[in-house]
Amino acid sequence: MEIKGIIKYILVVLAIVIVGFLLQTTVFPHMELGGVTPNIMVIIITSYGLMRGRKQGMIIGFCSGLILDFFSGTTFGLYAILYLYLGFLCGLFKKIFFGDDIKLPLALIGLSDLIYGIAVFVVLFLFRGRYDFLFYLTNLILPEVTYTILVAIPIYYVILKINQRLDKDNKRSSRKLV
């Protein structure tokens, strides 16, 4: 991959992460259903982990988490570490990933959001003496997972098409060099 392609890829991914962050923090809080909002960042991290592998999933997850950490006001580093691990875990499935088959991405997005919800419960609630996990699971985690999966369908396809376009442009530019 040449330098122009790398820079273009980084800028596109950065734009997707920023747009995802803005959607998650400004638009979707006004589209709350049952007291929950979808986790757009989990959709982005899971999608890129699947499409690009562990390393890029980890990098995108860590950077996305840092952005959320800077603006959240909660435990600094929580989202960066959590999203880093989610990017890594989803990157493990790259070998069995087929772009147009949406079952695996949706299942992993749901699983990632479930892991995210449980980890946030442990760090932000359990360590502070709030032990009602069943309430948190049934009223916040599972509804958020469901909402995230529904919102993931169009977002995943947009990310997939952008990723396919970047790959196509990269292959075309590398053929010109040969």
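Throughout, read-outs are computed from the coordinates displayed, never taken from laboratory work. As the structure is a prediction and not an experimental result, all values here were calculated from the model. Here the Cβ is made from the backbone with ideal geometry for all residues, glycine too, and neighbour counts use every protein chain on show.
Observations on the structure shown:
- Separation of the range 136-168 from the range 13-60 is 8 Å, based on Cα centroids.
- Neighbour counts of other Cβ atoms within 10 Å put 71, 97 in the fewest-to-most order 71, 97.
- Equivalent-ellipsoid semi-axes for the range 3-166 (Cα gyration tensor, √(5λ), whole Å, largest first): 26, 17, 15.
- Zone residues, the range 142-167, relative to residue 8, backbone N less than 14 Å from point 7 Å out along Cα-to-Cβ: 162-167
- Beyond 19 Å in Cα-Cα separation lie the following of the pairs 55/171; 8/171; 55/103; 103/168: 55/171; 55/103; 103/168.
- Rel. contact order, % - alpha carbon contacts under 8 angstrom, at least six apart, the range 41-178: 26 percent
- Other residues with beta-carbon under 13 Å from the beta-carbon of residue 141 carry, at +1 per Lys or Arg and -1 per Asp or Glu, a net charge of -3.
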